[in-house]
Amino acid sequence: MSEQKQDKAQSGSVQTTGHAWDGDIQEFNNPLPRWWLWAFYATVVFAVVYWFFYPAWPVGQSYTKGGLNSITYKVGDKEVTTHWNTRARLMKDLQEGEESVKQRQYMQKVVDSSYEKILSDSSMMQFSRSVGKILFTDNCAACHGMGGAGVIGLFPNLVDDDWLWGGKVEEIQTTLEKGRNGYMPAFRKTFNEQQMDDVVEYVLNLSGHDVDKEKSMRGAALFNGEGGGCYYCHTKEAVGMKSVGSANLTDGIWTLADVAGQTNIEAKREAVRAIIKNGVKRQMPAWSQRLSSAEIKILTVYVHELGGGK
């Protein structure tokens, strides 16, 4: 400590705490700045006032709700008035906030427009992508994945151009509203082992694989004859039918058998055999009871854009 400060402290003009270190190092007992004290008192007053207006203190299983402030919002057609809280404020903002009102107005504009107009209007498409992405994430991504790529054997890929039930906007809307039932019978009791091998060979031949030609020819007879009757759903040309959601077997796009993921021909045969032997039974739920007609229309546009709208 400097001699000047030490003399000042010894003279009693500056109060100290009485603590000393190394014999001459002392701690001054200076008062807090007045502005700091007033700021502190102001925060105390603010806190007390806040307790009267807003939820604050936990009390048993409940909490103080603040009795001088309330908020009103709608639940369906019914008005609900409650104490102020962030959840109620959010509900009110979603219903009456400026941005929410604008969003509803633009949503109505999209709903009132034809699909042709929406797809050709850049601003409506931007809005549809933005809202549709949220709807897809909340309702569809659990099965089809965030990007819509699906899972082979379980859920269809929505980003390619292979649409089992049709990829036009009207067809996608029907799919969303009513759901789909994907069904193919099991042929384990219809075909013996040789016949199963022959049909597998023919199916692989349809998509360009190098197979046993003799087996493939026998398989073609089963596929297109009464012995197998596969052509009833897949057609004589094996291109499938949208009306029943049967697959096109000639394009090399596999939604159930993971043929593309296999590294050798034997593994590819086993993948196809499993489908023919065990059949298919899968269902997509109808969304008309969960989503509004406006949301289904927005989601239709979004899904249509994922796959190019074939």
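Starting from residues that are touching a Phe, Trp or Tyr at 6+ places or on another chain (Cβ under 8 Å) and surrounded by 12 or more Cβ atoms within 10 Å (Cβ to Cβ), keep the ones in the stretch 67-84 and report whichever is farthest from GLU295 (Cα to Cα).
So the residue we want is ASN69.
For the subset of the stretch 150-197 comprising residues that are of a type in the set (D, E, K, R), part of a helix (DSSP H, G or I) and closer than 21 Å to ASN278 by Cα, which member is nearest to the chain's Cα centre (by Cα)?
ASP197
Say we look at the stretch 248-279 and pick out the residues that are assigned to a helix (DSSP H, G or I) and of a type in the set (Asp, Glu); which of these is surrounded by the fewest Cβ atoms within 10 Å (Cβ to Cβ)?
Narrowing the stretch 248-279 to residues assigned to a helix (DSSP H, G or I): 265-278.
Now restrict to residues that are of a type in the set (Asp, Glu): 266, 270.
Values: GLU266: 9, GLU270: 15.
In this case the residue turns out to be GLU266.
Looking only at the stretch 127-136, decide whether some residue is of a type outside the set (Ser, Thr, Tyr), buried (at least 18 other Cβ atoms within 10 Å of the Cβ) and farther than 13 Å from VAL303 by Cα.
Yes: one or more hits.
Just the residues that are closer than 12 Å to VAL203 by Cα and either over 33 Å from the mean Cα position of the chain (by Cα) or of a type outside the set (A, V, I, L, M, F, W, C) (or both), please, taken from the stretch 232-269.
Result: HIS234, GLU237, ALA238, ASN248, THR250, ASP251, GLY252, LYS268, ARG269.
Is it true that some residue in the stretch 285-293 is among the basic types (Lys, Arg), under 28 Å from GLU201 (Cα atoms), at pLDDT below 95 and not in a helix (DSSP H, G or I)?
No, the conditions are met nowhere in the stretch 285-293.
List the number of the failed condition for THR263; all other conditions in (1) in contact with a helix residue (DSSP H, G or I) (Cβ under 9 Å, 6 or more places away or on another chain); (2) more than 30 Å from TYR115 (Cα to Cα); (3) among the polar types (S, T, N, Q) hold.
All conditions pass for THR263, except number (1).
Show me the helices (runs of 4 or more DSSP H) found entirely inside the stretch 9-113 where at least 2 residues are in contact with a helix residue (DSSP H, G or I) (Cβ under 7 Å, 6 or more places away or on another chain).
Once the helices (runs of 4 or more DSSP H) in the stretch 9-113 are filtered for at least 2 residues that are in contact with a helix residue (DSSP H, G or I) (Cβ under 7 Å, 6 or more places away or on another chain), what remains is 86-96, 98-112.
Which one is nearest to GLU266 (Cα to Cα), of the residues in the stretch 173-194 that are buried (at least 18 other Cβ atoms within 10 Å of the Cβ) and among the polar types (S, T, N, Q)?
Here the answer is THR175.
Among the numbered conditions (1) under 38 Å from the mean Cα position of the chain (by Cα); (2) crowded, with 20+ Cβ neighbours inside 10 Å; (3) farther than 24 Å from ALA260 by Cα; (4) not small (Gly, Ala, Ser), tell me where VAL200 comes up short.
Every listed condition holds for VAL200 apart from (3).
The values are calculated or read from the model by the stated rules, or taken from the named source; none is laboratory data. Only a predicted model underlies this, so the values are computations on that prediction, with no experimental measurement involved. We place every Cβ from the backbone using ideal geometry, glycine too, and count neighbours over all the protein chains shown.
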